[in-house]
Amino acid sequence: MNKRVVVTGLGICAPNGVGLADFYDSMLNGKSGIIFHQELADLGFGCQIAGKPEIPESLKESYFTALQLRGLNSSGIVYGVMAGTDAWMDAGLAKADKDQPDWDSGIIFGTGILGIDKLRESIYLIDDNNARRLGSNSVMQTMASGISAYLGGILGCGNQVTTNSSACATGTEGVIMGMERIRSGKAERMLVGSCNDSGPYIWGGFDAMRILPSNYNDNPQEASRPMSASASGFVPGSGAGAMVLESLDSALKRGSKIYAEVLGGAFNSGGQRGVGSMTAPNSQAVQRCILEALKDAGVEKSEVDVINGHLTATSKDAEEIRNWSEALERTAKDFPFINATKGLVGHCLAASGSVECVAALLQYREGLIFGNQNCQDLHPEILELVDASRIPMKTTSHKPKIVAKASFGFGDVNACVIFNDYKEM
Amino acid sequence: MGNDQHLVQLKDIIKTYLPEDVPVGAIGEDSNFVKELNINSANLVDIVLDVEDAFGIRLENEDMDKMQTVRDALNIIAQKLRDKK
């Protein structure tokens, strides 16, 4: 018998809010985290706007020791450690004792690339024949698993501690991986989440692909336009989201609050076959992923009442909506409510799935659905499938029951997780 | 600049790398960096780099191997400074 898995803690470090309270306030009131970055303009970027969490130096001291802060030049580690530690504390969990790890708690914390600024600093030293001056911390700040390693040490987790990486599907994939581990009885608690560095060395490659909007440098808050007819590319973002997943038994024993239940999920790949490619999703795979997630969760197509889409604000948004519509066999006013978190935070890349899962889960706590941004001019192909009333422009009161959250990534990879309003039974 | 002054400077460098439960007062000339002060051995390379910057000297791998205690470090620093003259 599979163990039931619930979410007992959330942590967030997003462009429009650092910490749950700030983030919730921004999501509720439609406050954007997208701003103009002079640094990107100076470097001649086409897209000079981005989403980046604002972290005061003094705040870092609450999460890192003075020694850890020395030479720390990996923004992903900063975001991930803050979100991960916050989620742990939000769940009412303590750090493990000094001499004994918590064998029943593990971590799956993903990223795309980690510590790119540290890597750059190191490359300059090495090219200057000065590798000996790197010091001890360049490896741990630039290894992909650095983020799970930092969190593992801070919290003292003794179960599986690892880092997953599947481009923009990373965060959602991690939730499903953590759920499976608890479900099968191999762990009681899994801290899951993902982080993404910020800065020009992360965003430059996307700018070069001409898939970022270049016409909004003067009005950044209007640039991220998921589902809009005038969407012209995703706004690059960064940050981290984190969730504590826990067996229902453990959560009840601790008397912990429960945000929602993780009913099931699925990941797959389109194999870069058919219309799928390195950068474009194979619709057949996307639909299969959604259906497999529902099957895993034991949920009927008709039961999904809220979707948090991947919806990046490119021409692919209409295709994603068509995939949801065809997979669920639902259209017009029968289509679930759907929202896109990226309108306010941009595309947080490897962190997007976890940041957006946190947003989706806060909707349970508050009994509402966050509004969509910058899509008053809904794409006509979307309106052919979905009634406009299902795409709320403002935060709307509605207690979610079944929420489906999907993320898609380069490499033609997909992940879809199904949350449920937790009911005692 | 005498040995006492070097010790003050060295203590100032070492204190950054002490675990939270080891007080600065625990640093003596006989202290072994790893065994007594519980400094993570990976951080010894950082102490070496800080010493290089503070005293304007360069320490080689064999110097680092010999640097087990605070007194070892002081001796190496004194030797390097003499060599420099």
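Our analysis of the range A:178-303 gives Rg over Rh at 1.05, with the two radii drawn from alpha carbon positions and Rh computed by the Kirkwood formula.
Rounded to whole Å, the principal axis extents of the Cα atoms in the range A:1-61 read 57, 30, 26, largest first.
Among A:GLY153, A:GLY239, A:GLY30, determine the one that fluctuates most according to a GNM of chain A built with springs between C-alpha atoms less than 10 Å apart. Largest GNM mean-square fluctuation: A:GLY153. Computed about its Cα centre, the charge dipole of the range A:156-260 is approximately 440 debye, with only Lys, Arg, Asp and Glu carrying charge at their Cβ.
Each residue of the range A:254-260 was assigned a 3J(HN,Hα) from its phi angle through the Karplus expression (A = 6.51, B = -1.76, C = 1.60, θ = phi - 60°), giving 7, x, 7, 5, 10, 6, 6 Hz with x at Gly and Pro. Once each part is reduced to its C-alpha centroid, what is the distance from the range A:1-76 to the range B:1-47 in angstrom? Taking the Cα centre of each part, the range A:1-76 and the range B:1-47 sit 35 Å apart.
Amide H to amide H distances under 5 Å link A:GLY371 with A:THR395, A:THR396, where only residues 5 or more positions off or on other chains count and H is placed in the peptide plane. Computed from backbone phi, the HN-Hα couplings of the range A:48-59 come to 10, 10, 6, x, 9, x, 8, 10, x, 3, 4, 5 Hz, rounded to whole numbers (Karplus: 6.51 cos²θ - 1.76 cosθ + 1.60, θ = phi - 60°; Gly and Pro given as x). Considering only A:HIS398, A:HIS310, A:HIS347, the Gaussian network model of chain A with Cα springs below 10 Å gives its largest mean-square fluctuation to A:HIS398.
Against chain B, whose longest principal axis comes from its Cα atoms, helix B:3-14 is set at around 50 degrees. Report the charge-dipole magnitude of the range A:25-76 in Debye, nearest 20, computed about the Cα centre from +1 at each Lys and Arg Cβ and -1 at each Asp and Glu Cβ. It comes to approximately 120 debye. For the range A:392-397, the Karplus equation 6.51 cos²θ - 1.76 cosθ + 1.60, evaluated at θ = phi - 60°, returns couplings of x, 7, 10, 4, 10, 6 Hz by residue, with Gly and Pro reported as x. Over all orientations, the range A:200-264 has a Cα convex hull whose mean projected area works out to 7.7 square nanometres. Amide H contacts for A:ALA332 (H built 1.01 Å from N in the peptide plane; partners 5 or more residues away or on another chain; cut-off under 5 Å): A:VAL386, A:ASP387. Principal semi-axes of the equivalent ellipsoid, √(5λ) from the alpha carbon gyration tensor of the range A:1-156, are 29, 25, 14 Å from largest down. Among A:CYS157, A:THR170, A:SER238, whose Cα sits farthest toward the positive end of the charge dipole of the range A:5-254 (+1 at Cβ of Lys/Arg, -1 at Cβ of Asp/Glu, about the Cα centre)? Selected residue: A:CYS157.
Taking each DSSP H run with n ≥ 4 as -39500 (n - 2.57) and averaging over every residue of chain A yields -9500 deg cm²/dmol at 222 nm. What 222 nm value per residue comes from the helices of chain B, counting each DSSP H run with n ≥ 4 as -39,500 (n - 2.57) and dividing by all residues, nearest 500 deg cm²/dmol? It lands at -16000 deg cm²/dmol. If you take the Cα centroid of the range A:189-227 and the Cα centroid of the range B:49-85, the two points sit 47 Å apart.
Here is the P(r) of the range B:3-84: all C-alpha pair distances, binned every 5 Å from 0, give 3, 15, 31, 29, 15, 5, 1, 0 in whole percents. Within chain A, the whole DSSP H helices whose Cα atoms reach 15 Å or more along their own axis and whose mean Kyte-Doolittle score is at least 0.5 are A:75-90. Between A:GLU326 and A:ASP127, full extension at 0.36 nm per residue minus the direct alpha carbon distance yields a gain of 66.3 nm. Look at where the Cα atoms of the range A:127-184 and of the range A:324-342 average out, and the two centres are 34 Å apart. Among the GluC sites (Glu not before Pro) in the range A:264-311, those located in a DSSP loop and surrounded by at most 12 other Cβ atoms within 10 Å of their own Cβ are A:GLU300. Look at the dipole of the protein assembly as shown built from charges on Cβ: of B:ILE13, A:ILE12, A:ALA251, the Cα furthest out on the positive end belongs to A:ALA251. Simple point charges give the picture: +1 on the Cβ of Lys and Arg, -1 on the Cβ of Asp and Glu, and for chain A a dipole about the Cα centre of about 640 debye. The convex hull of the Cα atoms of the protein assembly as shown, projected and averaged over all directions, covers 25.9 nm².
Only the coordinates and a few stated rules stand behind these numbers; no lab work does. For clarity, every value in this text was computed on a predicted model and none was experimentally measured. Every residue, glycine among them, receives a Cβ derived from its backbone with ideal geometry; neighbour counts consider all protein chains shown.
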